[in-house]
1. Using θ = phi - 60° and the Karplus relation 6.51 cos²θ - 1.76 cosθ + 1.60, list the HN-Hα couplings for segment 162-173 in order, rounded to whole Hz, with x at every Gly or Pro.
2. On a 0 to 90 degree scale, rounded to 10, what angle separates helix 105-119 from the longest Cα axis of the chain?
3. What are the ³J(HN,Hα) couplings of segment 303-308, residue after residue, when phi is run through the Karplus curve with 6.51, -1.76, 1.60 and θ = phi - 60°? Round to Hz, x for glycine and proline.
4. Using a ≥ b ≥ c from the Cα gyration tensor of segment 184-248 (square roots of the eigenvalues), is it rounded, prolate or oblate, where a/c under 1.5 gives rounded and otherwise the larger of a/b and b/c decides, a/b for prolate?
5. Could you work out how far helix 506-522 tilts from the main Cα principal axis of the chain, as a 0 to 90 degree angle to the nearest 10?
6. Note the per residue figure in Å³ for the convex hull of the C-alpha positions in the chain.
7. Gain in length, K522 to T269, computed as 0.36 nm per residue apart minus the alpha-carbon separation, to one decimal in nm?
8. Cut-off under 19 Å on the C-alpha distance; same-chain residues fewer than 8 positions from K38 excluded. Which aspartates and glutamates are left, in chain and number order?
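The values are calculated or read from the model by the stated rules, or taken from the named source; none is laboratory data. The model shown is predicted, which means the values in this text are computed figures rather than measured ones. We place every Cβ from the backbone using ideal geometry, glycine too, and count neighbours over all the protein chains shown. Accessible surface is based on the protein model in full, side chains and every heavy atom, while ligands, DNA and RNA are left aside. Shrake-Rupley method; radii C 1.70, N 1.55, O 1.52, S 1.80 Å.
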Amino acid sequence: MDPEFQKAMQRNPHLADYVNDFRQKTGSVPKFVVSLSKDLEIENVNVVLPVGDPVFIHLYGTKEMGEARYYAIEPKLNNKEQKMYDQIMETILEKSENEPVPASESELKDMITKLLNKCVEIGSGADLPDEGQKPGILEMIIPKNKKVLLTQLEYNKILYHIERNIIGSGPLEPVIRDPYLEDIHSIGVSGVSIVHKVLDMMQTDITFGSEDRLDQWLRSMSERIGRPVSDSHPIADGALPDGSRINIIYSPDISRRGSSFTMRKFSETPVSVIQLIDWGAFSVEMAAYMWMCLENGMSIFFSGETASGKTTMLNACLSFVNPKAKIFSSEDTAEVQPPQTVWQQLITREEGPPDSRVDTFTLLKAALRSRPNYIIVGEIRGVEGAVAFQGMQTGHPVLATFHASAITKMIQRLTGDPINVPATFIDNLNIGMILQAVYRKGKFLRRCLSIEEIQGYYEEAGGVVTRAVFQWDPETDTHNFRGLNNSFILEDKIATKLGYEDKREIYNDLFLRARILEEMRKRKIDDYYEVNDILVNFYRHGVDGLPFPV
């Protein structure tokens, strides 16, 4: 067995118990890994992944099962420990009223540990009867002035559960820690499923235990996002303190199979363009094209269906914007992460009296008065789209995500209710990048289907004329550069702006940037911040600022 696996089991007895039980049931021992390969197979996986002691994830699937399952390994409280936990929590909550309000998560952890230590004493046994032993009435009550006697193992388990439930995400803590998690979807007490970055949709063994505990958890999460749910206000949507987005449907009158929620996990470090190239989302030439466009103030919509990777692509491409640019973002939920220093982040306020509410439309109007170099709209859904196009007309490049699966559908939505942008104004938008989640040869992939240039409205053509400069070939899973020597944006917009006598020379600039990106890919420079630093140095010093020859 892997020495690191043995050390992990020595530190975490619950992990050793789990592995022993699994070995007895299946005759096999999971492989201990600290990272997952993209080549994992759903019908042939048996690995344990550490996500921060004392929590581990077990991914297990066989051909007979037909799919992989997701098991959370964490310390569990038995009946006796649960009773002690409930009593200790009650005491801690009472004592916390006399403590100063913590200013940070670390201060809150310190306060919890301090209050716990006032309530308990480490010894060889506990004050409550063993599990299975019928307690008397007096034994069920721990006097408030008497410390609870715990073993070191019981202390560690109870401390973990207190921190998990007060600071962390309760029963969801294991999946929240998992770096390969994308989405969580839960219906009722035990219907928790996830979207995994490698293994796609998976069922988990996570449960909230009871309807009361689930409702309590949902109320707690809704309070964290500042939009409390109740029977009279059963739906809430917002961002948690770590940036993860959560949508709650609280009332069983509306969600007939039980209260439900969907959570999209927030990544503290954005995905880099090099990672997206490595994953096949788009090619180096496409990335270089986006670099040229963003460097030169083009307005771009990142469009696609739900979970197609729109925001991920937008965040990655923001590294191509000049580091000295002044950025304004307007969103319902904080998701965009520009690396530029001068970034004004604006968030809507949907709760409170009508006069105090602030919508995306209002934020965009405020942003236009501030003379930004770029305006980013988290998602265009309604009348704010018209304001975004007004911004483009006045010379403010706009970046936004948009729900439409093709360039024609995007234009139809923009020109129809409730956005109502006149068709003759559509050419203020320069580019539409169309993204989609696809299944190819049994694997779940995210791909840029095309990059479309918008030339303008032509009455003789009967509408808006667009030109596909890149297109994905599903047979070969490659992207074809159809716009080589035929790009309206590169030649008629950017080359003209830069004063090229021969507009075709603009492609030399594009291929130089493609070589830079390819060199980063070959050298495995894919960390978001490393990639961004190289792009910043190129902006400042040209090729002389690169850490490698091109």
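1. With the stated coefficients, segment 162-173 comes to 5, 5, 4, 7, 8, 9, x, 10, x, x, 8, 3 Hz.
2. In the chain, helix 105-119 runs at an angle near 10 degrees to the longest axis.
3. Once rounded to whole Hz, the list reads 10, x, 7, 4, 6, 8.
4. oblate
5. Tilt relative to the chain: about 20 degrees.
6. So the per-residue hull volume is 202 Å³.
7. In short, 88.9 nm is gained.
8. E67, D178, E182, D183, D200, D278, D477, D526, D527
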